[in-house]
Amino acid sequence: MAVQQLHHVAYRCNDAKETADFYTKLLGLEYYAAVSEDTIPSTGEKCLYMHIFFAMADGSCVAFFEVPEAPPAIKDTNTPAWVQHLALVVEDEDEQLEKKAKLEAAGVDVIGPTDHGFCKSIYFFDPNGHRLELTVRTETPEMMERLRSSSEPMLEEWVKTKTVQRGAAWVHDGTAAE
């Protein structure tokens with residue numbers, strides 16, 4: 001496989017300091033790096049920005065751009081708010097519940113934990129409106145093989161019919177452990 005791991009994923013933020021405080025103080029990520037320029041290296045276009053990075057245990061990063069001279073960001077009004085999100089793995093359910101309590105104490109609305117059969121997740125929005133998921137892995141090798149083996153037939157049938165495909169219904173119907 002040519003792609004080895006995620007280096008970073010980048011989003012826009014409204015305020016670099018507010019974003020740094022949220023990701024370090026509430027989620028416990030390491031403030032890793034910052035780059036600020038007025039010219040985009042890849043395109044050469046002029047745009048003042050602050051690019052901040054937060055490292056996770058595996059070395060991958062979540063990054064943000066504050067671009068104060070650009071028009072305000074707008075949401076994709078054609079996509080449900082729950083669709084676009086960033087899912088981050090935490091060590092265990094205790095850590096997940098600790099993060100949930102910390103977020104709620106800071107006034108953040110949190111949904112969950114939601115049991116997806118192979119993981120348990122909580123959901124919330126960061127100060128920029130990006131939806132986040134903190135998930136605990138609960139899968140077994142058998143569960144993941146079951147998901148892998150049903151994925152191709154499900155996609156083929158989806159392409160033909162655009163109807164619900166039940167090949168992985170077990171993840172939410174209470175039979176995941178069977």
Inset, instruction - Check each of the GluC sites (Glu not before Pro) in the stretch 42-72 and keep only those in coil by DSSP with at most 13 other C-beta atoms within 10 angstrom; list them in order. - result: 45, 69
Legend entry - Label-point gap, in nm, between residue 144 and residue 105 - each point 7 angstrom along Cα→Cβ: 3.4
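What does the helix-only formula give at 222 nm for the chain: each DSSP H stretch with n ≥ 4 adding -39500 (n - 2.57), the total divided by the residues, and the result rounded to the nearest 500 deg cm²/dmol?
Values: 3 runs with 40 residues, N = 178.
Result for the chain: -7000 deg cm²/dmol, rounded to the nearest 500.
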Inset, instruction - Pick out, in residue order, every one of the GluC sites (Glu not before Pro) in the stretch 125-154 that is DSSP loop and has at most 16 other C-beta atoms within 10 Å; say none if there are none. - result: 139
Legend entry - Within the chain, longest stretch clear of exposed trypsin sites (Lys or Arg not before Pro) (DSSP loop, no more than 14 other Cβ within 10 Å): 76-161
Legend entry - Distant-in-sequence amide H partners of residue 138 (H built 1.01 Å from N, under 5 Å): 119, 120
Legend entry - Estimated inter-spin distance, residue 38 and residue 87, nm [label 7 Å along Cα→Cβ]: 4.3
Legend entry - Length released on extending from residue 5 to residue 47, taking residue separation times 0.36 nm less the Cα-Cα span: 12.2 nm
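Sorted from fewest to most neighbouring beta carbons within 10 Å, what does the list 49, 11 look like?
Details: 49 20, 11 16.
Listing 49, 11 from fewest to most nearby Cβ atoms yields 11, 49.
Since every read-out is calculated from the coordinates, none of them should be taken as a lab result. All values derive from a computational prediction rather than experimental measurement. Ideal geometry is used to build each Cβ from the backbone, glycine not excepted, and the neighbour counts take in all protein chains shown.
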